[in-house]
1. Which peptide among 63-75, 205-217 comes first, and what is the full order, when sorted by highest mean count of other Cβ atoms within 10 Å?
2. Just to be sure I understand, if you calculate log10 I(q)/I(0) by the Debye sum over Cα atoms at q = 0.07, 0.10, 0.11, 0.14 Å⁻¹ for this structure, which of (i) -0.24, -0.50, -0.61, -1.01; (ii) -0.20, -0.42, -0.51, -0.85; (iii) -0.42, -0.77, -0.87, -1.09 do you get?
3. Residues with amide H under 5 Å of ALA84's amide H, sequence separation 5 or more or different chain, H placed in the peptide plane at 1.01 Å from N; which?
4. Express in Å², to the nearest 10, the accessible area of GLU141 obtained by rolling a 1.4 Å probe over the protein heavy atoms while all chains stay in place.
5. Determine ³J(HN,Hα), in whole Hz, for all residues of the stretch 75-83 in sequence, where each value follows from phi through the Karplus function 6.51 cos²θ - 1.76 cosθ + 1.60 and θ = phi - 60°; x replaces Gly and Pro.
6. Which order do peptides 191-198, 96-103 fall in by mean Cβ count within 10 Å, highest first?
7. Given H placed 1.01 Å from N in the peptide plane, which residues other than close sequence neighbours of LEU158 have an amide H under 5 Å from its amide H?
8. Compute the distance from the alpha-carbon center of the stretch 177-204 to that of the stretch 96-150, in whole Å.
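The values are calculated or read from the model by the stated rules, or taken from the named source; none is laboratory data. The shown structure was predicted, so the numbers you read here are calculated from the model rather than taken from an experiment. Cβ atoms come from the backbone with ideal geometry, glycine included; neighbour counts cover every protein chain shown. Accessible surface areas use protein heavy atoms only, side chains included; no ligands, DNA or RNA. Shrake-Rupley method; radii C 1.70, N 1.55, O 1.52, S 1.80 Å.
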Amino acid sequence: MRIRCVIAALLYCAALFLAPGAHAQPYPEARYWYFGDRAGANFNPATPVSVNNGVMQAPAGCAVIGDAEGALLFFSNGRRVWNADREVLPNGFGLNGDSLATQSALFVHHPDTPDRYYLFTLDQTNGPNGLQYSIIDKTKEGGLGDVVEKNKPLRTGLCDKLSAVRHRDGRDVWVLAHGFGSNAFYAWRVTANGVSETPVETFIGASHDLAQGTGQLKCAPTGAFVATAGADLQGPF
């Protein structure tokens, strides 16, 4: 199997933690992980430890986010979202992501409201649900949070690749996805007023077909570059 990568100078922005299912430290918001078949890890101690109280099944993509002290807040496989007590939020089921997508979920902290979080969910490549988002209010349910808006659609016709990076203003956030059957990168700006309905479109690099659609999309720590990788199923294997 060959791997093809496309690197593009897409947006000039600074780095953002954003806590996908496996994310480098030292960001405290990303020190608690849940992933795979009820697996977990805690990077808060000086020596990281495994945790055995996982409840989530995530065969592919997932996302986790904590607070500024490293305490767990929420985690999701794109279909459900759990709170710090490892319970599904009261309105946290029936999300339109797909846990088989390589990047099925992504948390973004609201730029202007400390207790609000966006949960972006993504369907499998070219799936009918595409990219959607829900809003979590942490003040609900005694501080454990609840989904106050759910499954708000943004776009279909996408690969199962999802990432985000801080805007150069240091406050807003860009959420990035890649088009299916094209070389289009889409970037939605998240501001204090919400998520933009119309993305910024950048056409660069290789077109992504079904083989290229499965993979990951990652932003450089500087925010100056974005890379995407997918499988070339033409062989040799």
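1. Put in order of decreasing packing, that is 63-75, 205-217.
2. Among (i) -0.24, -0.50, -0.61, -1.01; (ii) -0.20, -0.42, -0.51, -0.85; (iii) -0.42, -0.77, -0.87, -1.09, the one calculated here is (ii).
3. Counting only residues 5 or more places away or on other chains, the set is empty.
4. Accessible area, nearest 10 Å²: 110 Å².
5. 8, 8, 9, x, 9, 9, 10, 10, 9
6. Result, highest mean Cβ count within 10 Å first: 96-103, 191-198.
7. The answer is ASN126, GLY127, PHE180.
8. Their Cα centres are 17 Å away from one another.
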